[in-house]
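The values are calculated or read from the model by the stated rules, or taken from the named source; none is laboratory data. This is a predicted model, so every value here is computed, not measured. Positions of Cβ are generated from backbone atoms using ideal geometry, with glycine treated the same way; all protein chains shown enter the neighbour counts. Heads up: the accessible areas ignore ligands, DNA and RNA and are worked out on the full protein's heavy atoms, side chains in. Shrake-Rupley method; radii C 1.70, N 1.55, O 1.52, S 1.80 Å.
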Amino acid sequence: MNEQEIIQETADYIKQEFSGDSSGHDWWHIYRVWQTALHICEHEKADAFIVQLAALLHDLDDWKFNDSDDETPLRAQGWLESLSLDPSTTDAVCRIIKHISYKGAGVENKIDSLEGFIVQDADRLDAIGAIGIARAFAYGGYKNRPLYDPTSSPQLHTSFEQYKNSNSDTINHFHEKLLLLKDKMNTAAAKRIAEGRHEVMAQFLKQFMDEIRNADFSPPT
Ligand code: ADP
Ligand code: NI
């Protein structure tokens with residue numbers, strides 16, 4: 001198989017694996033991350049084959065859907081090994097997948113390759129803006145979280161354990177992660193896109209809190 005065929009085969013496999021998801025991690029999330037990563041690639045001197053494989057496989061072993069404490073992305077690794085790729089390609093892709101996920105506001109980012117920075121940016125761009133708002137509430141519903149609980153407040157987690165075990169409402173998640181992503185983008189292209197998407201979330205939260213406080217009850221004079 002040539003590189004193009006390997007990418008297509010991997011996309012077909014992932015499409016089938018993620019078809020039934022309703023947590024915001026459906027095939028079309030993966031597809032958007034893949035396409036956004038390719039777009040960022042046009043501005044960077046990166047290995048587009050590694051970027052595409054990592055984008056397509058990035059959520060296959062996600063901690064949110066797998067109980068294992070093993071950090072190695074075993075399913076992605078198994079898939080790549082079944083394709084008999086150069087071991088250095090498999091290694092590079094697995095390193096990205098292992099470290100791509102957000103692990104808390106104060107937890108160090110361990111991504112260490114340009115290809116990894118690109119895929120992480122693409123994944124994070126899909127967590128912000130209008131799509132990000134939709135995905136946050138889809139995920140909150142999937143996890144049985146309230147939309148908004150006035151008695152709980154956001155926490156800036158300093159360890160992955162804290163972040164993982166947190167069960168607070170979805171509005172808090174904006175303050176704990178989504179509003180912080182704009183300043184955590186790695187590439188110039190992603191930073192530019194993030195500006196507009198960040199603004200959409202800020203507007204949405206302002207309106208949400210206005211409605212919570214009944215601030216929109218009386219018409220403006
Ligand atoms: P990451 O691996 O960096 O978390 P994902 O591709 O898995 O990235 O996407 C995470 C998605 O799940 C985001 O859209 C995010 O809003 C949502 N999410 C994660 N944790 C929460 C939470 N506690 N409340 C609401 N949404 C969440
Ligand atoms: Ni993702």
- Task: Report whether or not A122 is more than 28 Å from K45 (Cβ to Cβ) and at pLDDT 95 or above.
- Result: no
- Message: So in segment 18-39, with the set limited to residues that are polar (S, T, N, Q) and exposed (fewer than 15 other Cβ atoms within 10 Å of the Cβ), which one is nearest to Y139 (Cα to Cα)?
- Response: S22
- Every residue from segment 119-133 that is within 9 Å of M201 (Cβ to Cβ) and open to solvent by less than 10 Å² (accessible area, probe 1.4 Å): I128, G129, G132
- Note on the structure: Restricting segment 1-17 to residues that are of a type outside the set (S, T, N, Q) and open to solvent by 20 Å² or more (accessible area, probe 1.4 Å), the one farthest from the chain's Cα centre (by Cα) turns out to be M1
- Note on the structure: Of (1) within 12 Å of ligand 1 (Cβ to nearest atom); (2) touching a helix residue (DSSP H, G or I) at 6+ places or on another chain (Cβ under 6 Å); (3) open to solvent by 10 Å² or more (accessible area, probe 1.4 Å), E115 fails just (1)
- Query: What is the number of the single condition among (1) free of Cβ contacts under 8 Å to residues at least 40 places away in the same chain; (2) surrounded by fewer than 15 Cβ atoms within 10 Å (Cβ to Cβ); (3) in contact with a helix residue (DSSP H, G or I) (Cβ under 9 Å, 6 or more places away or on another chain); (4) not aliphatic (A, V, I, L, M) that D61 does not meet?
  - Reply: (2)
- Can you tell me which residues in segment 136-168 are within 11 Å of ligand 1 (Cβ to nearest atom), in a loop (DSSP other than H, G, I, E, B) and either aromatic (F, W, Y) or under 19 Å from Q203 (Cα atoms) (or both)? L147, P154
- Item | Residue tally, condition in a helix (DSSP H, G or I) and open to solvent by 90 Å² or more (accessible area, probe 1.4 Å), over segment 70-99 | 6
- Query: Does A138 satisfy the criteria of being within 16 Å of ligand 2 (Cβ to nearest atom), hydrophobic (A, V, I, L, M, F, W, C), surrounded by fewer than 19 Cβ atoms within 10 Å (Cβ to Cβ) and under 14 Å from the mean Cα position of the chain (by Cα)?
  - Reply: yes
- Task: Identify all residues within segment 51-107 that are of a type in the set (G, A, S) and in contact with a Cys (Cβ under 7 Å, 6 or more places away or on another chain); write none if there are none.
- Result: A76
- When residues of segment 112-135 are limited to those that are within 14 Å of ligand 2 (Cβ to nearest atom) and not in a helix (DSSP H, G or I), the one nearest to Q35 (Cα to Cα): D126
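Could you please let me know if P154 is surrounded by 14 or more Cβ atoms within 10 Å (Cβ to Cβ) and more than 18 Å from the chain's Cα centre (by Cα)?
Here the answer is yes, as P154 does meet what is asked.
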